[in-house]
Amino acid sequence: MSLLDFLSREAAVVAPELLGATFLVDGVGGVIVEVEAYHPSDPASHSFRGPTPRNGAMFAGPPRVYVYRSYGIHWCINFVTANASAILIRAIEPTHGLTKMRKRRGLDDVRTLCSGPGKLCEAMGVTGALDGKMLDRPPFSLALAPSPAAVAIGKRIGITKAVDAPWRFGVAGSRFLSKPFPKR
């Protein structure tokens with residue numbers, strides 16, 4: 001399946017299938033361990049109120065990335081999926097370019113380098129200049145996992161609307177998550 005075909009499905013279906021994929025920007029990155037799905041019918045989604053200059057990449061279709069600033073401070077990267085939906089990349093397990101990531105973040109602890117959407121963007125060198133770029137072309141590299149990861153499911157975090165949607169997915173037991181999943 002091509003990356004376009006893979007991402008041309010609903011975000012909540014694609015999101016858990018991204019777990020275990022290796023995501024790199026200019027050769028720096030690692031294994032995706034946590035994601036969140038957003039759909040335009042969801043009031044927490046940036047596409048909920050329709051197209052704007054900020055969210056235009058969401059309406060341009062996959063396989064694009066949507067990059068925005070959170071609270072005017074941190075960059076966040078999303079993979080655009082079908083119907084103006086997107087998947088926020090929340091955390092990765094760093095595996096490539098550790099020296100660059102440590103320098104960019106100013107710390108050594110590999111566990112905390114990319115344990116949150118803003119942290120991973122800083123470590124991977126993601127900025128607004130990448131907004132709307134195609135995920136299947138440089139500087140990006142995305143290799144899907146050869147087999148499905150064990151998935152933990154929970155409520156999304158860091159939002160105030162539609163907080164009960166169980167659209168946060170993580171690799172069960174990963175020590176690189178932004179926040180642990182509740183025990184079931």
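The values are calculated or read from the model by the stated rules, or taken from the named source; none is laboratory data. Computed from a predicted structure; not experimentally measured. Every residue, glycine among them, receives a Cβ derived from its backbone with ideal geometry; neighbour counts consider all protein chains shown. In case anyone asks, the SASA skips ligands and DNA or RNA and just uses the protein heavy atoms, side chains included. Shrake-Rupley method; radii C 1.70, N 1.55, O 1.52, S 1.80 Å.
A few notes on this one:
- Condition met for V14 (open to solvent by less than 50 Å² (accessible area, probe 1.4 Å), at pLDDT 95 or above and under 12 Å from the mean Cα position of the chain (by Cα)): yes
- Test: I157 is in contact with a Lys or Arg (Cβ under 7 Å, 6 or more places away or on another chain) and among the aliphatic types (A, V, I, L, M): yes
- Residues located in segment 55-66, provided they are open to solvent by less than 60 Å² (accessible area, probe 1.4 Å), hydrophobic (A, V, I, L, M, F, W, C) and modelled with pLDDT under 95: A57, M58, A60
- Residue count for segment 132-178, restricted to those that are open to solvent by 70 Å² or more (accessible area, probe 1.4 Å), among the basic types (K, R) and either outside any loop (DSSP other than H, G, I, E, B) or in contact (Cβ under 8 Å) with a residue 24 or more places away in the chain (or both): 3
- Matching residues in segment 67-97 - criterion: being farther than 19 Å from V171 by Cβ, open to solvent by 50 Å² or more (accessible area, probe 1.4 Å) and in contact with a strand residue (DSSP E or B) (Cβ under 9 Å, 6 or more places away or on another chain): R69, W75
- Of the residues T22, T52, the single one that is touching a residue at least 40 places away in the same chain (Cβ under 8 Å) and open to solvent by 30 Å² or more (accessible area, probe 1.4 Å) is T22.
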